[in-house]
Amino acid sequence: MSAPDSTAPPRGTQRLRRLLVLVGFLVGLVAVTAGCMPELLVPATSGRTYGQGPLDAIREAADRTASANSSCGLSSTDLAAMMIVPTYFEAGGALPSPMTLSRWDNMSGGRTSNANLFAFGRTSGSYVNAFYSPGIGLWQFDSAGGWDMTAAEAIDATNAANQAAATITYRWCNAPAAKQVSPQVRRQYAWGPWFGCSGSGTACEDTFNQLVTSDGKLNTSFDGAVSRTGGMQQRTCNLRGIAESVTCFYVNPALAEGSRGWQGGVYDGTGNSVTPLPKPFYSVRVGTTEYRVWLKEDTGYDIDITATKPVTANARNALTWSASTVLCDTGGRRGYCGNVDPVGSFDGVWQAGPGQIRVAGWALDLDSANPIDVHIYAGTLGTAITANLFRPDIGAIYVGSGNNRGFDAVVPSPSGVQQVCAYAVNVAGGANRQIGCRTITVTGSPIGSIDGFSSKPGSVVITGWVAVPGDPAPTATITVDGVVVAQVARNIARPDVANLFPWAGGTAGYWAQIPVSGGNRTVCLSAGGAAPNALGCRNVVMPTGSPFGSFDAVSAAPGAVRISGWVIDPDIAEPTDVHVWIGSQGTAVRADAWRGDVGSLFPTYGPSHGFNATIPVAAGPQNVCVYGFNQGGGSNVLLACRQVTVPGGSPFGSLDAVVRTANGVVVAGWAIDPDTSASIPVHVYVGPVGTAIIANGWRADVGSLFSGYGNSHGFWASLAAPNTPVQVCVYAVEAAGSGGNQLLGCRTV
Ligand SMILES: [Ca+2]
Ligand SMILES: [Ca+2]
Ligand SMILES: [Ca+2]
């Protein structure tokens, strides 16, 4: 066969569609007028043969259309020949077949939208031969052209010939002037929508000349074995819920009359090969919708398949595929003819609470326009529910069943390991169907108690036991004001419980310390997914408020301040922080030092709330403020501010002695830099000769005079000196903070 580009819509299609409404009206108007049937040359000399049925349809359509458009100068014979010519290139073969189904709509070269012509858009797998051929019939009217024809209507030569006659005649009559320079040019313009005749070649014109004799007869013989419907069979069908007793057509390529070259080639899934040859299908028009149905009986598939689209829509973007059908061929009782078993799926089961399971899935009975019941059996415990929830995915698969065929419900179940089975309940003919079973461990209502309960600031201690039927290792669920705060393992032996409930195991006890914030609180016990208060509650008033305490003392130290005091936050028993602010300098100090006096006053908080800290600061007067840092309820609190002057400046000290010895001089004294408790250097000059020493000798007398500086500030040195009188000078060297070197004294010895 030739290679008609069926995926390319005939050019000017949209304009043609509008105008063809008018043409069709005219055709109908003149259908009863007497015309001039194209006469056949007998015997034909062209060597060409045409199916008798389609030839008669073409001659009748040409007669009517040419008569109605007689002003255009197009004879019925010329029009008939112009109609025949494209069919040799579109349908192909020596005897073009009315049933021709397009095969060249492969997916190469940017035709990816053709994937939508495959069932469910799947171009491989089990269902590829449920293929929605877009181009149909002798003229390969493609759905991309928006033609108002179903597959059956495009196969029916009477209907298709009317469309072809109207299209060709319109283009002949309305050809631009440049296309009317000769009949040959005008014909080529009229053939424009057909790829095989739209090029610059002369094959179509040559064929035309073969078909028309000089005296205006059609030069073709005919084959009586090819009927107008090309082997398509008319049937009567019901589409449940859609239409009853409607005319439907059965298209079986194996029954095609005429040339079957179009059936050659096998789809190989590459996208470059021919498309699949469709399995036999039904074509039904209901209003403006076409249904194509592939029955299991015809395809051997495990499902029926239905494709629907508006008749005039392009199949490449308008098809809806369903994995079912409601079509019944009433003659052969083929397809869905009622009284079938329900179908469905049991998608999942989950624990939903003590002794309760959630089940989900879908079910429907094609015999019913309404949702059906599903019976759930958890062990021997049965519950009826209705599959009436929104499941558009199922609606898309089961044509005509609507979108509300899902179920998702909570039903009771015995505890323990259970087999849960779902049954779709039959309506009308058929029988109930099990749609699935699943196994789940179901836990029952918990038992247990709160046996011990105590509180201290910030936390409670709760003890007791829990057990859950069906769960060998449940946890104790602790809530505070309804919020789960802990899942506590059972690990404490409770032989008393085991005696009463052997299935609970030997270690049903639990112990937990739970943080609880200040205020009125309700602490509850539960287990096994039961309500939070299932196993009891305790009300407790937890202390709360802002920190309180005392900033007991501040003192100066070399380059630092020392602070001390204590603080408690009512919300928690544990140590908290104080924040110490000196000028713009903040320091956090953990108040966790032992303060037995505080512990005695506030026994629920214990003694560990003291703070002692030495904080480096610059010399000079300082304002030291201490805040209790809040936890939980309340806010930060200023305990107190205290003033202190931090010593600083230049070193000071004393040159206590300079003594001449046999070999030189000995010097002694002490020196301190008030900015530091560290020992500092002193420089000793004997005449012009300087020597640096460290004033780190033990001077308890000095240490007692200057608290905080320690005792290591003395100096003593034996230095060489000339035998003549010499001046000895000693300087304390600035070592920290501010200040400068200071002369301690000079002696001449
Ligand atoms: Ca049924
Ligand atoms: Ca607080
Ligand atoms: Ca200093």
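The values are calculated or read from the model by the stated rules, or taken from the named source; none is laboratory data. What you see is a predicted model, and the numbers here were worked out from it, not measured in a lab. Methodologically, a virtual Cβ is constructed for each residue, glycine included, from the backbone with ideal geometry; neighbour enumeration extends over all protein chains shown.
Among the residues of segment 555-590, those that are touching a residue at least 40 places away in the same chain (Cβ under 8 Å), more than 16 Å from ligand 3 (Cβ to nearest atom) and within 26 Å of Ser707 (Cα to Cα) comprise Ser555, Val561, Arg562, Ile563, Ser564, Gly565, Trp566, Val580, Trp581, Ile582, Gly583. For segment 590-597, the condition of being within 16 Å of ligand 2 (Cβ to nearest atom) and buried (at least 20 other Cβ atoms within 10 Å of the Cβ) holds for at least one residue. For segment 438-447, the count of residues that are among the hydrophobic types (A, V, I, L, M, F, W, C), free of Cβ contacts under 8 Å to residues at least 12 places away in the same chain, more than 16 Å from ligand 2 (Cβ to nearest atom) and part of a strand (DSSP E or B) is zero. Just for segment 405-432: of the residues that are part of a strand (DSSP E or B) and in contact with a Phe, Trp or Tyr (Cβ under 6 Å, 6 or more places away or on another chain), which one is surrounded by the fewest Cβ atoms within 10 Å (Cβ to Cβ)? Ranking the candidates gives Cys421 first. When Ser704, Ser679, Ser718 are checked against the criterion of being of a type in the set (S, T, N, Q), in contact (Cβ under 8 Å) with a residue 12 or more places away in the chain and closer than 25 Å to Val646 by Cβ, Ser679 stands alone in meeting it. Tell me, please, whether a residue that is touching a Ser or Thr at 6+ places or on another chain (Cβ under 7 Å), hydroxyl-bearing (Ser, Thr, Tyr) and under 30 Å from Arg538 (Cα atoms) can be found in segment 388-399. There is no residue in segment 388-399 that is touching a Ser or Thr at 6+ places or on another chain (Cβ under 7 Å), hydroxyl-bearing (Ser, Thr, Tyr) and under 30 Å from Arg538 (Cα atoms). Restricting attention to segment 123-149, the residues that are at pLDDT 95 or above and surrounded by fewer than 24 Cβ atoms within 10 Å (Cβ to Cβ) total 5.
Would segment 489-507 turn up any residue that is in contact with a Gly (Cβ under 8 Å, 6 or more places away or on another chain) and closer than 30 Å to Ser546 by Cα? So far as segment 489-507 goes, no, none of its residues is in contact with a Gly (Cβ under 8 Å, 6 or more places away or on another chain) and closer than 30 Å to Ser546 by Cα. Comparison of Gly606, Gly653 shows that the only residue that is modelled with pLDDT of 95 or more, assigned to a strand (DSSP E or B) and not charged (D, E, K, R) is Gly653.
Which of the residues spanning segment 371-401 are in contact (Cβ under 8 Å) with a residue 24 or more places away in the chain and farther than 29 Å from Gly444 by Cα? Across segment 371-401, the qualifying residues are Pro371, Ile372, Arg391, Ile394, Ala396, Ile397, Tyr398, Val399, Gly400, Ser401. Of the candidates Asp577, Asp552, the single residue that is more than 16 Å from ligand 1 (Cβ to nearest atom), acidic (Asp, Glu) and either within 30 Å of Ile672 (Cα to Cα) or outside any strand (DSSP E or B) (or both) is Asp552. Residues that are assigned to a strand (DSSP E or B), touching a Pro at 6+ places or on another chain (Cβ under 8 Å) and more than 16 Å from ligand 1 (Cβ to nearest atom) within segment 358-385 comprise Ala378, Leu381, Thr383, listed in sequence order.
Does segment 106-136 hold any residues that are closer than 20 Å to Val293 by Cα and without any contact (Cβ under 8 Å) to a residue 60 or more places away in the chain, and which are they? Matches in segment 106-136: Ala115, Arg122, Gly125, Ile136.
How about segment 67-105: which of its residues are under 16 Å from Ala160 (Cα atoms), modelled with pLDDT of 95 or more and in a helix (DSSP H, G or I)? Within segment 67-105, Leu79, Ala80, Ala81, Met82, Met83, Ile84, Val85, Pro86, Thr87, Tyr88 meet the criteria. Scanning segment 518-549 for residues that are within 16 Å of ligand 2 (Cβ to nearest atom) and assigned to a loop (DSSP other than H, G, I, E, B) turns up Gly518, Pro543, Thr544, Gly545, Ser546, Pro547. In this structure, does Ser707 turn out to be closer than 26 Å to Ala560 by Cα and more than 16 Å from ligand 1 (Cβ to nearest atom)? For Ser707, the condition - closer than 26 Å to Ala560 by Cα and more than 16 Å from ligand 1 (Cβ to nearest atom) - is met. Working only within segment 102-151, note down all residues that are within 15 Å of Val311 (Cβ to Cβ) and among the β-branched types (Val, Ile, Thr). Matches in segment 102-151: Ile136, Thr150. For segment 275-299, filtering for residues that are β-branched (Val, Ile, Thr), under 19 Å from Cys337 (Cα atoms) and without any contact (Cβ under 8 Å) to a residue 24 or more places away in the chain leaves 0.
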